[in-house]
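Comments concern the structure below.
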Amino acid sequence: MLATPFKSVNLQNKSVRRILRAAQDLWTRDGYHGASLQEIAAAAGVAKSLVHYHFESKEHLLIELQSDWSHRVARAIRARVAATPPSAAAAFAALDQIWEAMVLTRAQFPFAIELWRQSVTSPAVRDRLRAFDRELVALYVEGLSTTLGPMVKHLAVPPPRAAALIQAVLDGIGLRLFLEDDVAAVRQTFDDAKSLLVTALLPGGPR
């Protein structure tokens, strides 16, 4: 039986923005299972029926919240690197911005675990999660092209493969950040990963 895909969501819609903000606030405070769609609707100041109009399920709302967060981080990074000449240092700075965003939202890591769990039994969640994964890889490919400029052609592997590697590393860092109380220790691991990535991906290392 084919999965019915989730419908697309208009992230520019004011009601959608209010629902997303309310979901993020409540789930960060109370946990994914600690706040219902009814409570999210009340916090957003909308009817529950409007939440269901935009989002087909609680899982659908969660994954769109994750996608929106990723795109907001990407927009912030674009704005900061726009005036910086392409270089490995610019790529380092972009990764540092991702780190800062991960630290600020470390309490939300269980959201990702919840999505992975739901994807085991829900084909719709699994398909949207795979689409979200492709969105992330595309964002990293764009980030590599923007921060490295012409140097991107000299990567040891094609940009999509480099982006997939970066994504896998950041997923692992995110898990360590959630489990480990010592943020400084995780930061050291993150810095080591940055150095190894640049050494492995860019011939000649940092420039």
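What the Cβ-Cβ distance of residue 195 and residue 116 gives, at R0 = 30 Å and to the nearest 0.05, is a FRET efficiency of 0.55. The simple Förster model, with R0 at 30 Å and r as the Cβ-Cβ distance, assigns residue 87 and residue 25 a FRET efficiency of 0.20. Dipole orientation for the chain: of the candidates 33, 79, 172, 79 has the Cα lying most toward the positive pole (charges on Cβ; Lys, Arg +1; Asp, Glu -1).
The trypsin sites (Lys or Arg not before Pro) of the range 1-46 meeting both criteria, a DSSP state outside H, G, I, E and B (loop) and at most 11 other C-beta atoms within 10 angstrom of the site's C-beta, are 7. Listed values for the range 113-118 are Karplus-derived 3J(HN,Hα) couplings in whole Hz (6.51 cos²θ - 1.76 cosθ + 1.60, θ = phi - 60°), namely 4, 4, 5, 4, 5, 5, and x replaces Gly and Pro.
FRET efficiency for the pair residue 187 and residue 14, taken as 1/(1 + (r/R0)^6) with r the Cβ-Cβ distance and R0 = 45 Å, rounds to 0.75.
Pull out the extension gain between residue 52 and residue 36, defined as 0.36 nm times the separation in residues minus the alpha carbon to alpha carbon distance; nm, one decimal.
Numbers: separation 16, 0.36 × 16 = 5.76 nm, distance 1.22 nm.
So the extension gain works out to 4.5 nm.
A short reminder: the numbers here are calculations on the coordinates, not readings from a lab. Small disclaimer: the values here were computed from a predicted structure and weren't measured. Neighbour counts run over all protein chains shown; Cβ positions are idealised from the backbone, glycine included.
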